[in-house]
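The structure appears right after this line, and notes come after that.
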Amino acid sequence: MHDRELLFDLSAAQGPVGHEDAVRTVVREALEPEVDRLETDPMGNVVGTVEADSDREVVVAAHIDEIGFMVTQITEDGFLQVASLGGWNAQILRAQPVTVHTEVGTLPGVIGAEPAHTRDEDEFEDIEDVAIDLGLDGEEAAEQVSVGDVVTLDTQPRELGDCVTGKALDDRAGVYAMLAAARQTEPDATVHFCATVQEEVGLRGARAIATDEAFDPELAIALDGTLERGVPGVDEADRISELGAGVGIKRKDASVVPSPDVVDWLTAVAEDEEIDHQREVAWNIGTDTGSLQFDGGAVAASALSIPVRYHHSPVETAHQNDLDATVELLAAALGRTGELVD
């Protein structure tokens with residue numbers, strides 16, 4: 001990998017939807033030496049711009065927010081009831097450690113699990129059923145936690161064979177690839193590297209970028225995780241991408257049909273540079289690509305996808321080969337945009 005420490009710092013940083021400050025700090029520190037201009041807009045998007053002599057402009061985007069929770073109630077017994085920030089599978093939340101982010105600091109908590117001795121095997125938990133235990137009585141909990149405080153899962157990234165695993169690799173893996181590519185590319189166009197916010201609740205940060213009159217791109221490339229389901233019990237036809245097979249070049253997702261010319265060009269660059277790549281067709285996820293393509297007017301757009309196994313869980317898993325391939329393809333493509341735009 002180009003920089004495992006950077007990826008791990010990104011994964012470990014807390015950045016639930018709308019509260020991305022900690023991960024934004026990691027991004028700014030990594031991006032500042034590589035760009036000519038670095039800004040954070042009022043919504044919280046970080047934009048680092050590399051100026052070029054060419055009149056062409058390119059927007060590259062990857063989202064920094066992660067799914068999390070917001071406290072809706074502190075019960076008399078000291079438990080926290082929460083609402084989701086983004087899409088959770090409630091079944092994976094049993095017996096998870098969490099961090100509660102308050103106005104004065106953080107508190108550890110756990111989401112409990114009913115013992116097997118007493119649990120109904122047919123029981124299904126919704127987010128509304130999640131209760132966070134702080135180990136405090138009701139009065140102490142109410143003194144330290146307020147409605148509206150946010151909660152994240154408490155897990156650390158680590159190596160897993162040829163892979164890395166941890167929370168928020170959707171889309172910190174994409175952010176990592178963008179930052180690593182920014183270090184090694186020699187772009188032939190002005191490039192705006194955009195670390196976007198609030199993707200998990202409707203591509204909101206990307207929409208702000210797309211409609212900002214300060215940008216006038218001829219090309220937009222988003223980076224995001226895509227589903228990888230190469231596990232027992234899932235038919236091969238339903239797997240979408242393959243872990244370790246290289247960077248995904250998107251053909252479709254629920255938010256976008258990328259520009260065919262851009263898809264063909266990215267594929268040609270990958271083949272010329274002998275970069276491992278795969279065709280990606282997804283039907284049940286959306287990406288910033290959708291907003292970048294049309295919210296500010298028609299723009300040629302596509303996306304590079306990193307296969308991520310166990311999406312929206314504390315053990316999201318990505319293959320180091322796919323991460324490297326994404327960095328290499330983005331860096332190479334940014335040096336060859338004239339082939340597409342001129």
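Throughout, read-outs are computed from the coordinates displayed, never taken from laboratory work. Since we're looking at a predicted model, the values are computed, not measured. Don't worry about glycine lacking a Cβ; one is built from the backbone with ideal geometry, like all the others, and counts go over all protein chains shown.
General remarks:
- DSSP beta bridges in the chain [antiparallel fraction, %, rounded to 5]: 60 percent
- Amide proton proximity set for Q278, modelled H, under 5 Å, gap of 5+: V247, G248, I249
- Separation between Cα centres of segment 58-73 and segment 297-338, rounded to whole Å: 18 Å
- Dipole check for segment 274-342: with +1 at the C-beta of Lys and Arg, -1 at the C-beta of Asp and Glu, and the Cα centre as origin, the magnitude is about 200 Debye.
- Calculated log₁₀ intensity ratio I(q)/I(0) where the Debye formula runs over C-alpha points of the chain, q = 0.13 Å⁻¹: -0.94
- Scaling against 2.2 N^0.38 Å puts the C-alpha radius of gyration of segment 206-280 at 1.32.
- The length gained by stretching the chain between E274 and E140 to full extension, at 0.36 nm per residue less their Cα-Cα distance, is 42.3 nm.
- Pairs of Cα atoms farther than 23 Å apart, segment 16-120, %: 48 percent
- Sorted from greatest to least, the principal axis extents spanned by the alpha carbons of segment 237-342 come out as 42, 32, 24 Å.
- Each stretch of four or more DSSP H residues adds -39500 (n - 2.57); spread over every residue of the chain, this sum gives -7500 deg cm²/dmol at 222 nm.
- Each Lys and Arg adds +1 at its Cβ and each Asp and Glu adds -1 at its Cβ; summed about the Cα centre, the chain shows a dipole of about 320 debye.
- Distance between modelled label sites at I92 and I127, nm, 7 Å Cα→Cβ extension: 1.5 nm
- The chymotrypsin sites (Phe, Trp or Tyr not before Pro) of segment 1-79 include none that DSSP puts in a loop with a beta carbon having at most 15 other beta carbons within 10 Å.
- Summed over all non-identical Cα pairs, the Kirkwood treatment of segment 143-295 gives a radius of 17.6 Å.
- Computed FRET value (nearest 0.05) for V110 with D55, which takes r as the C-beta separation and R₀ as 41 Å: 0.15
- Legend: calculated FRET efficiency, D21 to V315, from the Cβ-Cβ distance at R0 = 22 Å, rounded to 0.05, equals 0.35.
- Placing unit charges on each Cβ (+1 for Lys and Arg, -1 for Asp and Glu) gives the chain a dipole about its Cα centre, and among A90, L134, T190 the Cα reaching farthest toward its positive end belongs to T190.
- DSSP loop GluC sites (Glu not before Pro) with at most 14 other Cβ within 10 Å excluded, longest remaining stretch of the chain: 124-212
- Average Cα contact separation per residue, the chain, under 8 Å, 6 or more apart, as relative contact order %: 23 percent
- Full extension of the chain between E29 and M43 yields a length gain of 3.2 nm, computed as 0.36 nm times the residue separation minus the alpha carbon distance.
- Debye intensity ratio in log₁₀ form over the Cα atoms of segment 46-102, taken at each q of 0.19, 0.22, 0.26, 0.31 Å⁻¹: -0.83, -1.01, -1.25, -1.41
- Positive-end ranking of S54, V104, I74 along the dipole of the chain, with charges on Cβ about the Cα centre, is headed by S54.
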